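Notes to accompany the following structure.
The values are calculated or read from the model by the stated rules, or taken from the named source; none is laboratory data. Because the structure is a prediction, the values reported are computed rather than measured. Using ideal geometry, Cβ is built from the backbone for each residue, glycine included, and neighbour counts are taken over all protein chains shown.
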Amino acid sequence: MSTRTGTVDFVVDSETFKTWYKVVGDLTCGVRPLVVVHGGPAFPHLYVRSHATLWETTGIPVILYDQLGCGESTHLREKPKEFWTFELFIAELENLVTKLGIQGGFDLLGHSWGGALAASYVLARQPRGLKRLVLTNTYASMRLDGTTDSTEYKEAELVFLRRHAITLDPMPADLQTTIAELEKDNTVYLAVHGPSEFYCTGNQKAFDVIDRLNEIKQPTLVINGMEDQATDLCTAPLFWKIPNAKWVQLAKATHLPFFEEPERYFEIVGNFLTA
């Protein structure tokens, strides 16, 4: 498998940071590349790297990257909560696309938080070169509030995640590694989301793009699992509001279908991107 890794400079308020990326496949092969936007926030690319198999099965070059503050990209533990905004990550994604020279033609796939970020990027930048969009296990609005501090709450949260985030036991190695990386530095996760999967108390608490989804003109594939924590209530606005959207629900999956139903998931994604 043809792969290369590197970093691109990302300048924020005269400070220069590094965004790490991996390209699987040949960007000069004439096929539109797919940029995969990981979730979390601050779950590094490791848990979504199985998307690189699309290069082998469909000939689509795949670009994985670690968002600022996680994985192999620059970590900034000292930055205040206010630093970690949607606009920051939108600008980082735009910068990566430009620096890799693919702005003339590419596709985009965002998982969970990465889907919210991908949709926000499309709405904020209206990238002319974006041809197809995949929003998997994600949401268009975050309207929750709360606090979490009890042992009972933490135990309930674990049960919830086992039912609606990942049902495989033992947990896949790539996911275990991703979680371990998050635990080393959860600065971004706490700032953007907050301490709990149940309630968002971070910077994306007010996130809501439902009323603007009609501005997404690209053909869009929406995916969720039958028992997904990204419930049908979260998913439906993406389907109903985006003019050219298709919604596929995977019966045997929760929040991570590329682990739970990989053959079906990648068949659906591959067929959509090559249609």
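Within the range 40-66, residues that are among the basic types (Lys, Arg) reach partners that are surrounded by fewer than 24 Cβ atoms within 10 Å (Cβ to Cβ) with beta carbons closer than 7 Å, at six or more positions or on different chains, in the pairs ARG49/ASP174.
Within the range 13-40, the set of residues being of a type in the set (A, V, I, L, M, F, W, C), surrounded by 15 or more Cβ atoms within 10 Å (Cβ to Cβ) and out of contact with any helix residue (DSSP H, G or I) (no Cβ under 6 Å at 6 or more places or on another chain) comprises PHE17, TRP20, VAL23, LEU27, VAL31, LEU34, VAL35.
The sole residue among LEU250, LEU190, LEU233 that is in contact with a Lys or Arg (Cβ under 7 Å, 6 or more places away or on another chain) and of a type outside the set (Val, Ile, Thr) is LEU250.
Specify which of the listed residues (LEU221, LEU256, LEU233) is in contact (Cβ under 8 Å) with a residue 40 or more places away in the chain and over 24 Å from ILE179 (Cβ atoms). Reasoning before the result, please.
Numbers: LEU256 fails: over 24 Å from ILE179 (Cβ atoms); LEU233 fails: in contact (Cβ under 8 Å) with a residue 40 or more places away in the chain.
The conditions single out LEU221.
For the range 244-261, the tally of residues that are surrounded by fewer than 14 Cβ atoms within 10 Å (Cβ to Cβ) and either more than 22 Å from LEU130 (Cα to Cα) or in contact with a helix residue (DSSP H, G or I) (Cβ under 6 Å, 6 or more places away or on another chain) (or both) stands at 2. When restricted to residues that are touching a residue at least 40 places away in the same chain (Cβ under 8 Å), more than 19 Å from GLY39 (Cβ to Cβ) and in a helix (DSSP H, G or I), the range 98-123 contains 1.
Yes/no per residue for (1) touching a Phe, Trp or Tyr at 6+ places or on another chain (Cβ under 9 Å); (2) surrounded by 24 or more Cβ atoms within 10 Å (Cβ to Cβ):
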{"position": "ILE60", "(1), (2)": "no, no"}
{"position": "THR85", "(1), (2)": "no, no"}
{"position": "ALA91", "(1), (2)": "yes, no"}
{"position": "LEU96", "(1), (2)": "yes, no"}
{"position": "SER112", "(1), (2)": "yes, yes"}
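Residues of the range 118-134 being crowded, with 22+ Cβ neighbours inside 10 Å and either at pLDDT below 95 or closer than 13 Å to ALA245 by Cβ (or both), which ones? Listed by number, the residues that qualify are ALA119, VAL122, LEU133, VAL134. Scan the range 234-258 for residues that are more than 19 Å from GLY39 (Cα to Cα), of a type in the set (A, V, I, L, M) and part of a helix (DSSP H, G or I) and the total you get is 1. SER112: on the phi > 0 side of the Ramachandran plot and not hydrophobic (A, V, I, L, M, F, W, C), yes or no? Here the answer is yes, as SER112 does meet what is asked.
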